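Below is one structure, written out as structure tokens; the observations come after it.
The values are calculated or read from the model by the stated rules, or taken from the named source; none is laboratory data. All figures in this text were calculated on a predicted structure; none of them were measured in a lab. Cβ atoms come from the backbone with ideal geometry, glycine included; neighbour counts cover every protein chain shown. Accessible surface is based on the protein model in full, side chains and every heavy atom, while ligands, DNA and RNA are left aside. Shrake-Rupley method; radii C 1.70, N 1.55, O 1.52, S 1.80 Å.
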Amino acid sequence: MGCGDVGVRVLRALSQGGAAPRLRVLALTSSPERMAELRQLGAQPLRGNLDDAATLRRLAGLATQVLHLAPPPQAGTEDARTRALVRALRLRTPPRALVYASTSGVYGDCAGAWVSETRAPAPATARAVRRVHAERSVRQLGRAGVRASVLRVPGIYAPDRENGTPEARLRRGTPVLRREDDVFTNHIHADDLARACLAALWRGAPQRIYNLSDESQLPMGDYFDLAADLYGLPRPPRIARSEMAEQLGAMQMSFMSESRRLDTTRMVCELGLRLAYPTVEQGLRAASA
């Protein structure tokens with residue numbers, strides 16, 4: 001698995017659950033500076049770079065279960081990183097299971113509708129198109145006999161994560177959409193995401209997609225109002241979508257152009273996941289405490 005923020009949380013969850021001593025955990029990293037930290041977390045670091053396919057050959061035949069958390073490249077319509085990883089894993093005996101953390105952005109704009117995993121992807125941004133390509137690469141490996149699962153992940157938050165709470169944005173006074181233009185947004189605490197990754201590694205079904213989200217069901221403006229009240233900050237001003245487009249960049253506007261509510265029945269019933277932070281209010285309150 002990769003060793004970014006969520007990967008570190010997975011290692012901590014393994015350690016806290018008492019599973020680490022019984023498992024040999026390998027963590028792929030391209031950064032020599034991360035080696036000592038990974039060892040302290042109970043993992044054996046492996047040097048490798050998903051942008052350099054030749055460095056991935058050593059992964060072939062090593063792992064029985066693989067957790068893939070790396071994002072796609074920043075440009076293009078394909079995810080060469082995931083494709084390179086899948087090719088490396090097929091060089092020898094493939095793993096028994098692979099879990100890939102994708103994004104709920106692959107659904108595109110759903111006009112606030114409830115969205116289950118059976119809904120066809122309709123990516124509206126280049127980064128979501130790359131995620132769909134990555135999902136296809138993972139599912140191709142699944143057709144080769146690997147128990148491949150895809151997690152569609154919404155907005156991740158946590159107080160110790162870079163830009164992991166809305167506090168900085170609130171302090172800048174960045175506006176939000178007025179109610180008639182607002183969109184539904186979905187969230188999951190980073191620690192709950194780590195637990196979901198572990199659940200999928202052991203309980204994810206073959207070729208199965210899982211929506212991940214808490215139970216909040218908040219329009220984006222209400223989310224920022226809630227956070228402002230918790231932090232004791234002024235609520236952000238609300239403006240029309242036409243005005244917002246003049247103030248924010250294309251990427252920020254893309255998040256305000258897609259509205260959906262994720263159906264998480266599979267997450268609960270099949271993965272058996274019970275969230276530590278069922279609502280974003282609980283997660284933010286715990287952070288502020």
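Table for the structure above
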| quantity | calculated |
| --- | --- |
| Residue ID - least open to solvent (accessible area, probe 1.4 Å), chosen from residues in segment 106-131 that are under 14 Å from the mean Cα position of the chain (by Cα) and within 16 Å of SER149 (Cβ to Cβ) | VAL106 |
| Count of residues meeting criterion [in a loop (DSSP other than H, G, I, E, B) and surrounded by 11 or more Cβ atoms within 10 Å (Cβ to Cβ)] in segment 238-252 | 2 |
| Leading residue by the ranking (surrounded by the most Cβ atoms within 10 Å (Cβ to Cβ)) among those in segment 64-105 that are more than 16 Å from the chain's Cα centre (by Cα) and in contact (Cβ under 8 Å) with a residue 60 or more places away in the chain | ALA97 |
| Filtered residues of segment 229-280 (kept if in contact with an Asp or Glu (Cβ under 7 Å, 6 or more places away or on another chain), over 23 Å from LEU193 (Cα atoms) and in contact (Cβ under 8 Å) with a residue 12 or more places away in the chain) | TYR231, ALA240, ARG241, SER257 |
| Within segment 34-53, considering residues that are among the small types (Gly, Ala, Ser) and either touching a residue at least 12 places away in the same chain (Cβ under 8 Å) or open to solvent by 70 Å² or more (accessible area, probe 1.4 Å) (or both), the one nearest to GLU135 (Cα to Cα) | ALA53 |
| Residue, farthest from PRO166 (Cα to Cα), within segment 194-237, restricted to residues that are hydroxyl-bearing (Ser, Thr, Tyr) and outside any loop (DSSP other than H, G, I, E, B) | TYR210 |
| Yes/no for SER259 being open to solvent by less than 40 Å² (accessible area, probe 1.4 Å) and in contact with a Gly (Cβ under 6 Å, 6 or more places away or on another chain) | yes |
| Filtered residues of segment 253-289 (kept if more than 22 Å from ALA227 (Cα to Cα) and assigned to a helix (DSSP H, G or I)) | THR265, ARG266, MET267, VAL268, CYS269 |
| Number of positions in segment 182-191 that are out of contact with any Pro (no Cβ under 9 Å at 6 or more places or on another chain) and either at pLDDT below 95 or assigned to a strand (DSSP E or B) (or both) | 1 |
| Residue count for segment 24-52, restricted to those that are farther than 25 Å from GLU78 by Cβ and among the β-branched types (Val, Ile, Thr) | 1 |
| Residue in segment 163-173 that is part of a strand (DSSP E or B), modelled with pLDDT of 95 or more and not β-branched (Val, Ile, Thr) present | no |
| Enumeration of residues in segment 106-119 that are touching a residue at least 40 places away in the same chain (Cβ under 8 Å) and either β-branched (Val, Ile, Thr) or on the phi > 0 side of the Ramachandran plot (or both) | VAL106, GLY108, ALA111, GLY112, VAL115 |
| Any hit, segment 150-160, residues being open to solvent by 50 Å² or more (accessible area, probe 1.4 Å) and outside any strand (DSSP E or B) | yes |
| Out of ARG143, ARG147, ARG136, sole residue that is in contact with a strand residue (DSSP E or B) (Cβ under 7 Å, 6 or more places away or on another chain), at negative phi and open to solvent by 10 Å² or more (accessible area, probe 1.4 Å) | ARG147 |
| Residues of segment 204-231 satisfying the condition of being under 22 Å from VAL8 (Cβ atoms) and either of a type in the set (A, V, I, L, M) or surrounded by fewer than 20 Cβ atoms within 10 Å (Cβ to Cβ) (or both) | LEU212 |
